[in-house]
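Have a look at the structure below before the remarks.
Bear in mind these aren't lab numbers, they're just calculated from the coordinates by the rules spelled out. Note that the structure is predicted; figures quoted are calculated from it, not measured. For neighbour counting, all protein chains shown are included, and Cβ atoms are generated from backbone atoms with ideal geometry for every residue, glycine included.
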């Protein structure tokens, strides 16, 4: 398979649409056609696109809840361990036992937030498989319009429903103004 | 996604309350409320009690304050949400705005239900110690002044006489001493100073020769601050506060609260209903503009209302956060009540095509944020008082964090008023499920009852028994009775207000935004 | 003519009536590519001459800051004017001042995001950047106030050979956690918001260096809606986390004062009062920066008078809340009957060494913003600019009043003193402004000053259901169809 040829394998099609409404309705059709490996690239998140693409709710929130819990428990442990066990000091008439809990609350709160925020950043990078410095799509001049004012749909060749002819026809029938085949990087 | 809803497809006169479905409940509320009210009144009137024991009437004063205060927080929250809706130029909430207005419009009635607290001196004396104590001080002061007027007058006259003679002698002595001193400048100036000093003293004494009226009031003040020096102690603190805490200005302020809060919601609701008929957008502008200013009236009235009725249950205690704390609880619980009302109305066949789960979601978010806000304010207030540990402040919590009320505080208020609703409302799907939302709303209302109960009732045992008993057994039944009485009337008034106009502002120019809201 | 106007007034559809109709957030029907060009143009083109006029003195002032810090560390903390009884002088005043300014950014980003205030998109980027730079300026003060700066690591709970642990019951330690958490989370929030715009800059880059640098920081963003879904969730979560964080940070700062038993400091309303004050001062600083920037870089269509109007309203609201807190403090100082509390306010207002500061504070914070009740004033740039300058000064005076008046009059009259700052403090304070301006000007130079992708999202045609709305409003007089 590793023979040297001029034509690289196809990554998939990209199709440009006129505006948000057009790509929104096109996405509903593509979803109903049963495609799995496809995406809609836009300069901003299009409201309601999740439903149009048939996407489930993001599970990032679960990750962040775990992050927050870790932060809170860490702070609780850190403070109890150091203030009650290791180095108990009576300051400002506050006891060195469980009833000092209110005084520990600010740090518990801050660390909960801090680790939740780390979970957001880390979770996003992991879920989105970023950072990625290069990508086949970024080689296409048409595709790069997505960060300006382009509404671009991409359907990957890896999708079981993908076919060079029919997928192109489908995209054109949905009102794409410009359909382009993107090569994979090898 | 279906097409958008157009306001033109909905009837111009909105949706009327289905009286056949809600009328029974309304009358049931009225009947139960009035019956309980009568029973309560009879029990209170006959419960004078004998000397030396805690009278039923004084226990019932606390019950009444608790019931009135709880429903007042709900109603006042309605005013708050109306104001916020108008002032923020909100579009999504148009459909539920009339519910807020109706809830708010009950406020003046509930305040009038508080009249027994203002009029009945037994109620007042049982609740607010400063009133009988001040009255006693004033009375004692009058007697003291009467008794001491002549002797004080004579004493002062005599003092003046002596001082005058002394001064004359001193003048002569000084004159001769100055000639003796000659050129000793220090000596001369000392002598002169001594003379002028006693001249000032003389002038002071002369000023002290007051007429009867002025002297009487001076003696009264003296009595209030220092007592008679023998048997009765004065109360300098209460005297210090009497500029604010005196019965006439306290009553006047009550009238101002009724006028202020009632006037705000009456005006806004009037404009809102007028728009239902004419559809004139000028009302929208008027409501927005005036609401901004009304917020100031609302804030001032509410802050001082809770100072006058709740904070001074122990007049020696104080907290700058108090108004904000009561406001936070009021906002969250009235939003909970709005959710409950909305669901009730939907279950009786109203709001069929208008209200969607998006509205529930938004109301859930507001509820959630104010649960957090309440916790923030409650924690800050507790925390600062706990940390600084100053006796005059900690007494509030000492009373409420001991014995029975301790577990009550921690378990109900900390866990129940914050952690449980906070966790439950985190989930998006919960906020879009009316049944769960109503459950949470009911829970939050229960917690608001607990909060108000916790603020008022611990004072009862301590105040009435002089600290001998924390809790007066059996008094809880009066609390329940008062709650049913005020609650019944509250429910009746609320349902009645719904029947008076369309259930939503049918010709509000922003109606379409609310019909099609997505978040 | 007159008849014609009244006629058209009568027939305007109620939902399109003046005052009711929603004002456009982006004026002149600007297209998405226009927005991209205009914002990216600031970064890609040469800076106007005035940028250099501002930048060079800012760098010089920042250098002064560096000089004073070196002088401070090498000589000792005694070069500051604070001493007994005023142990907390300008260092803490300026710390609280800067950290307060640093609250508007996260507030605009987070709270306004949660409440779906779409107008935030034009201001949030600059406000967030301002936040970070303000927190940097703020952090300098407590960092150096510890005295022996090289021992600052003692603040962190790390095991050490003395087996000493921090006192977690101390408000000052909470400050360390709160401020560092705030800075970190703000950076994350800011950076996540920047990613799509960095991708835009990457895709427009013409030089290799730009392509590489922006490309690296854009992390390979491709704007797929599968990614946007998680991104939006992440952004929402960060907003939801930042909102209580903003509240907590300034509440913790207020705990520094309010947990004590010092008259004038110990009062329960301090946490929300400080938060409202911080938002107040922060919004004023955002307006101070954005009003010149919008005309300098031609951003009037994105940062409109509507935005300024809204921000003026928030300044009015928070200013009034601050006024409420002042009044409550005063009322309780009287009502409590506490002699010391009463005296603290007597010294502040009636007869004390710093009554002028209290008067300045009250005028700037409570009275001056009241002019924003008038619609026309809120849209008059000159007046708005003057008022926000008052607010900036007023918030500084507030901290000065709280700290200095109280400390200069201790419980023991024998300890009374007067505080005046030394030249080092003056220079340091000026230096932090230099540092702040320098960082902000660099931000304008290298990063998009407006959140491009977010602004595009609030254009009316960005809504996939835009045609439906068009259809709904068709035929209505006054509608933009």
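Would you please give the FRET efficiency between residue A:25 and residue B:25, computed as 1/(1 + (r/R0)^6) with r the Cβ-Cβ distance and R0 = 35 Å, to the nearest 0.05? Computed FRET efficiency for residue A:25 and residue B:25: 0.15.
The order of the peptides C:106-117, B:131-142 by mean Cβ neighbours within 10 Å, most packed first, is C:106-117, B:131-142. When you count the other C-beta atoms within 10 angstrom of each residue and take the mean per peptide, B:101-109, C:280-288 line up highest first as C:280-288, B:101-109. Just to be sure I understand: with springs between alpha-carbon atoms less than 10 Å apart, which residue in A:85, A:19, A:134 has the highest mean-square fluctuation in the Gaussian network model of chain A? Its mean-square fluctuation being the largest, the pick is A:85. On the beta carbon distance between residue B:251 and residue B:6, with R0 = 60 Å, the FRET formula returns roughly 0.65.
Think of it as helices only: each DSSP H run of n ≥ 4 in the protein assembly as shown is worth -39500 (n - 2.57), and spread over all residues that comes to -22000 deg cm²/dmol at 222 nm. Among A:152, A:23, A:46, the largest mean-square fluctuation in a Gaussian network model of chain A, built with springs joining Cα atoms closer than 10 Å, belongs to A:46. Inter-label distance, residue A:164 to residue B:465: 9.4 nm, where each label sits 7 Å from its Cα along the C-beta direction. Tell me the angle of helix B:434-456 to the major Cα principal axis of chain B, expressed in degrees between 0 and 90 and rounded to the nearest ten. Orientation of helix B:434-456: about 20 degrees from the principal axis. In terms of the mean number of neighbouring beta-carbon atoms within 10 Å, the peptides B:466-479, B:447-460 order highest first as B:447-460, B:466-479. Neighbour counting of Cβ atoms within 10 Å sorts the residues B:98, C:148, fewest neighbours leading, into C:148, B:98. Taking every residue in A:150-156 and counting other chain Cβ atoms within 10 Å of its Cβ, the average works out to 2. Estimated from the Cβ-Cβ distance and a Förster radius of 30 angstrom, the FRET efficiency linking residue B:267 and residue B:420 is about 0.20.
A prolate overall shape is assigned to chain B, the ratio a/c of its alpha-carbon gyration tensor axes (a ≥ b ≥ c) being 1.5 or greater and a/b exceeding b/c. Relative to the longest principal axis of the Cα atoms of chain B, helix B:19-46 runs at roughly 30 degrees. Here the extension length gained between residue B:206 and residue B:84 equals 37.8 nm, from 0.36 nm per residue of separation less the Cα-Cα distance.
Relative to the longest principal axis of the C-alpha atoms of chain B, give the angle of the C-alpha long axis of helix B:247-278, reported between 0 and 90° and rounded to the nearest 10°. It is inclined by approximately 30 degrees. Per residue of peptide A:66-72, the mean number of Cβ atoms on other chains within 10 Å of the residue Cβ is 1. I need the shape label for the range C:325-427. Rule: rounded when a/c is under 1.5, else prolate if a/b > b/c, else oblate, with a, b, c from the alpha carbon gyration tensor. Oblate. Remark: mean inter-chain Cβ contacts per residue of C:465-475 equal 4, using a 10 Å Cβ-Cβ cutoff to other protein chain atoms.
Decide, for the range B:134-241, between rounded, prolate and oblate: order the square roots of the alpha carbon gyration tensor eigenvalues as a ≥ b ≥ c, take rounded if a/c falls under 1.5, and otherwise choose prolate if a/b is larger than b/c, else oblate. It comes out prolate by the Cα gyration axes.
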